[in-house]
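What follows is a single structure, written as structure tokens, with notes after it.
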Amino acid sequence: MSPALPPRALRELGRTEGDAEALELLVRDQDTRRLVLLRALLDAAAAASVTVCPPDLLDRLHEDWALLAAVERTDRAAARSVLLYPLVGPWAERCLNALTAGVPLSELRTDLGHLGALAAAAAIRAGLAFSTRLTARGAVLHLPLLGAAHLGPGSVDLRADGEEVRLRQGRSDDVFVRVDSGVASSLDPRWLPVPALHALLPGGSPVPLDDLDPYRAAGGGLERHGLSDTTRLDDDGRKTWAVSWSGVEPVLRIGGDHRSAEAAALLRCLVPLAPPPGSASGEGAAHCSGTRREAFGAVLSSRPTDAIHFASTLVHELQHTKLAALSALVPLHHEDPVPRHFAPWRPDPRPFDGLLQGAYSHIALADYWQRFALGAERATFSQRDLAWSEHARRREQVGAVLPVLAGSGALTPEGRVIVNEMITLYHRLADWPPPMGHVARARAYVATARVIWQQRNHSQRA
């Protein structure tokens, strides 16, 4: 969908870096894919049988699409801010799959009705005067990127005049919402806005901390991937996230200017997750995080304990975002999807693609933690010791799987460049070895992980 990356940019990405031009190519390709997906959704609805998508539902889809087209003509940025929002991806794929599979009509009607909420949210952000009728999901009306109103089940009449939005349902008191620069607020306690964290870099956009969107976990298989469920934040929770976030950018920058730049270019929203089961609070608390290919720009994460761990979470997860986008742009290999490979960071066998993804994110973490250990002037002894420990473990983990990646005969030319640059970075990291003891502990850790893996997966081959 986009021209192949220039060789220089491909090599930079292989080192887990990437300048503004390379990142923009990835973003533009993902944005194009999203718009094509939405068009495919509308076409699939038109092609579906009347038992799957009856005329009244199709008419409503076209009406909502027409409102989106009006927003696009008036304020393209407002339309794209909603349509390209990461959590629209899981919704669109869910609907497209349902239309082709013929799911029960009641469920499909609810899902397709979300297009009306998307169109309304875009029109509100564009400051258009319009009216529409939406349906609350359960007892909540969601307006993506803006917030949610706790009303009753059933239809809600929405009227906007460009500055204020009125939500009316039956005989209940109206909910009035003021919108200023895309931020929706109300004195009515029934309205819950989407909290946002300040822009990472000057001139950037605030980062939504979205604990409201109904599709933030839809089809994501969180438990299957070792993640806890999504959670709602109270005032204290939001403040804790904001405190950690306030120190993230300076810490990211210690890992190199490219870490701040990639976070500013790729991160579009954060989805808070509950703490992992049985985890304690405070320093050393268990943590989980993840990304979703269909939700480009979203990072799902339990609350980081501090800015240092918050930054490392972003480094880790945004490498998955980056490599997934690169893989969509240019195929990196033609290996089969059979899970058979040992990965020191997972107890289960991994497919080749999962091995490549994991090694890519871990070599970035090894680089980040080394730079932190060497460059964090105000770091405490324990913080620096933690950094060296993390660096040594991540580098040793990557070293255990690089021979498998390099030995694959199914790498494409682009994939070969990526793996070769990862190997170059791996050897470059050895130029600044950690203090005595860290490497020995890291090697013992990986060796133990291999023994346990072989015992657990005795029928598999490493």
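The values are calculated or read from the model by the stated rules, or taken from the named source; none is laboratory data. What you see is a predicted model; the values in this text were computed from it and never measured. Cβ coordinates were reconstructed from backbone atoms using ideal geometry, including for glycine residues, and neighbour counts include every protein chain displayed. For the accessible areas, the whole protein counts, side chains as well, though only heavy atoms, and no ligand, DNA or RNA atoms are used. Shrake-Rupley method; radii C 1.70, N 1.55, O 1.52, S 1.80 Å.
Suppose the Debye formula is applied to equal point scatterers at every Cα of the chain; what is log10 I(q)/I(0) at q = 0.08, 0.12, 0.13 Å⁻¹?
Treating every Cα as an identical point scatterer, log10 I(q)/I(0) equals -0.51, -1.09, -1.24.
Against the longest principal axis of the chain, how steep is helix 20-47, in degrees 0 to 90 to the nearest 10, with axes from Cα atoms?
40
Which one, Val207, Leu38, Ala274, projects farthest toward the positive side of the charge dipole computed for the chain from Cβ point charges (K/R +1, D/E -1)?
Among Val207, Leu38, Ala274, the one farthest towards the positive end of the dipole of the chain is Ala274.
Any chance you could give the angle, 0 to 90 degrees and rounded to 10, that helix 307-329 forms with the longest Cα principal axis of the chain?
The angle comes out at about 80 degrees.
Could you tell me which of Ser228, His150, Phe296 has its Cα farthest along the dipole of the chain towards the positive end, charges placed at Cβ (Lys, Arg +1; Asp, Glu -1), taken about the Cα centre?
Going by the charge dipole, the pick is Ser228.
Mean residue ellipticity at 222 nm from the helices of the chain, using -39,500 (n - 2.57) per DSSP H segment of n ≥ 4 over the full residue count, to the nearest 500 deg cm²/dmol?
Details: 15 runs with 236 residues, N = 462.
Result for the chain, helices only: -17000 deg cm²/dmol.
Could you provide, to the nearest whole Å², the per residue accessible area of segment 93-161 with probe 1.4 Å?
39
When ranked by the protection proxy of mean other Cβ atoms within 10 Å per residue, highest first, what sequence do the peptides 38-47, 136-145, 25-34 form?
On the way: 38-47: 16.0, 136-145: 20.5, 25-34: 19.0.
Peptide ranking by packing, descending: 136-145, 25-34, 38-47.
How would you order 309-316, 110-117, 450-457 from highest to lowest mean count of nearby Cβ atoms within 10 Å? Don't jump to the answer; show the numbers that get you there.
Details: 309-316: 24.2, 110-117: 20.4, 450-457: 13.0.
Ranked by mean Cβ neighbours within 10 Å, highest first: 309-316, 110-117, 450-457.
Can you give me the distance in nm between label points at Arg340 and Arg166, each placed 7 Å from the Cα along the Cα-to-Cβ direction?
In this crude label model, Arg340 to Arg166 measures out at 6.7 nm.
By what distance, in whole Å, do the Cα atoms of segment 314-462 stretch along each of the three principal axes, largest value first?
Projected onto its principal axes, the Cα set of segment 314-462 covers 46, 37, 24 Å.
Quick one: dipole size for the chain, taken about the Cα centre, charges +1 on Lys/Arg Cβ and -1 on Asp/Glu Cβ, in debye to the nearest 20.
Details: 50 positive and 52 negative charges, 219 e Å.
With Lys and Arg at +1 and Asp and Glu at -1, about 1060 debye.
Mind giving me the FRET efficiency for Arg133 and Glu24? R0 is 56 Å, r the Cβ-Cβ distance, nearest 0.05 is fine.
Values: r = 39 Å, r/R0 = 0.70.
So, using R0 = 56 Å, E works out to roughly 0.90.
If we sort 206-212, 395-401 on the protection proxy, mean other Cβ atoms within 10 Å, highest first, what's the order?
Values: 206-212: 21.6, 395-401: 23.3.
Highest-to-lowest ranking by the protection proxy: 395-401, 206-212.
Treat each spin label as a single point 7 Å out from the Cα along the C-beta direction, and report the Arg428 to Val243 distance in nm.
Taking the simple label geometry, Arg428 and Val243 are separated by 3.7 nm.
Leaving out ligands, DNA and RNA, what percent of the accessible area of the chain is carbon and sulfur, probe 1.4 Å?
Details: 10970 of 20630 Å².
Reported share for carbon and sulfur atoms: 53 percent.
Choose one of Val50, Ala22, Leu402: the residue whose Cα lies farthest towards the positive end of the charge dipole of the chain (beta-carbon charges +1 Lys, Arg; -1 Asp, Glu; about the Cα centre).
Looking along the dipole axis, the top candidate is Leu402.
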